[in-house]
Every structure is written in C-alpha cells, then in structure tokens.
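The values are calculated or read from the model by the stated rules, or taken from the named source; none is laboratory data. Predicted model, so just to flag it, every value in this text is computed and none were measured. Note that we place each Cβ from the backbone using ideal geometry, even for glycine, and neighbour counts take in every protein chain shown.
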Amino acid sequence: MQVLHADSSCREAVALVLGGQAAAGPAPECSADPSAYGQARRRLPLEVFRAGVRQIGRRLRQEVGSSITWCGRRVWLVDGTSCSMPDTPDLQAAFGQPGRQAPGCGFPVAKVVALFCWASGAVLEAAIGPLKMSELRLWRELWPVRLADRPRQPLGALGNHHPVHVIGHQTPRPHRDAPRGASLLQGG
C-alpha cells in the first residue's frame, strides 16, 4: 500500500489498510503503530522482493503482449543508478561509501542496474552491488551475454531461440595513425 500511494508514509499505509478492514466489517484488533510493520518488512528475505518484481514485470509484459514493438522487435532497456542507505556497519561492509568521504563520515552507497520492458515500463529484473562495481558487471548478472565489438551485432541468445541485438550510444573517438600522428576522424 505504501508504494501505491504517492508521498505515503508507512503510518498512512497502515491507516489505509486498517480503514479498509473496518469498512469490510468487524476486523481483528490491529495496532495503528507502524513500527511492527517496519520490523517485519526488514526481516523479509531479499528473494521475496525479487520474486515480486519478476511476477509484476511478467504480468505487465503479458498485458502488453506483442502489440507494442520497435521495428517488429520486443525491446528491453538497461539503466543504472545509485542510492544511499542508512549508516550501519553491515551496510558499510557490504556496499562501502564514496572515496571522497572520510571513514565514519558518510553513508554507504549501492549501485543498482535494472532491466526494463520498453513496452510496459515494468522492471523485469534488478541487480544491486557495491558502489565500486561497474554497471556492466551488474548487467551481466541480470542477463549473461557475450559482448560484441560493433553496435547492432547479435550478442548471444535469450533462451535458445531469440537472438539478442544491442543498439547503444557510441562516442566517436579520434583514431591516430601512430607513425604520422594524423587524425583519421577529421580526414587527415
């Protein structure tokens, strides 16, 4: 409930659930104090959240089906971000903090890479790692593929029968002819 309502605190989410239970008839006595819900949520294994993301992503993708494609192909997007977390010894050990922060004076930071369905906007998978881990490595955890040396070159297979193509941003770099030192990008 908390995620479904914009700017909703845990206290508001608990109040919504209790209000819904009261409207449905006599409900068991439940506390309106959200601390027990927060404690229970922290004890849930990470796999519960991952399974939920996968299930919701699959359902949204099935709703869209093959009606929305790009050039007749289904499209997935990969994007990365980072997020700071509470300063606890466990999180510091697992994720670390930016090097410019003095030890004990900063917050741990996780790097997150997610695989999205372009047609539905659903997150299909997500990988989380320490701040110093590259997004490419996290992407490989999501979707193990062989890397290509050219854009639009097939990258492997999704399952056994689906070729995978990548279209990515390629920054032009000047190529230099070492003996002459001439730039080949601008034609000489």
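Looking only at residues in region 14-32 that are surrounded by 11 or more Cβ atoms within 10 Å (Cβ to Cβ) and part of a loop (DSSP other than H, G, I, E, B), the one that is nearest to the chain's Cα centre (by Cα) is CYS30.
Of the helices (runs of 4 or more DSSP H) contained entirely in region 41-146, those carrying at least 2 residues that are β-branched (Val, Ile, Thr) fall at 46-64. Could you tell me whether VAL48 is closer than 30 Å to GLY19 by Cβ and β-branched (Val, Ile, Thr)? Yes, satisfied.
So, ALA22, is that one closer than 20 Å to LEU131 by Cβ and small (Gly, Ala, Ser) or not? Spelling it out, it is not the case that ALA22 is closer than 20 Å to LEU131 by Cβ and small (Gly, Ala, Ser).
Of the residues ARG50, ARG59, ARG41, only one is basic (Lys, Arg), surrounded by 10 or more Cβ atoms within 10 Å (Cβ to Cβ) and modelled with pLDDT of 85 or more; which?
ARG59
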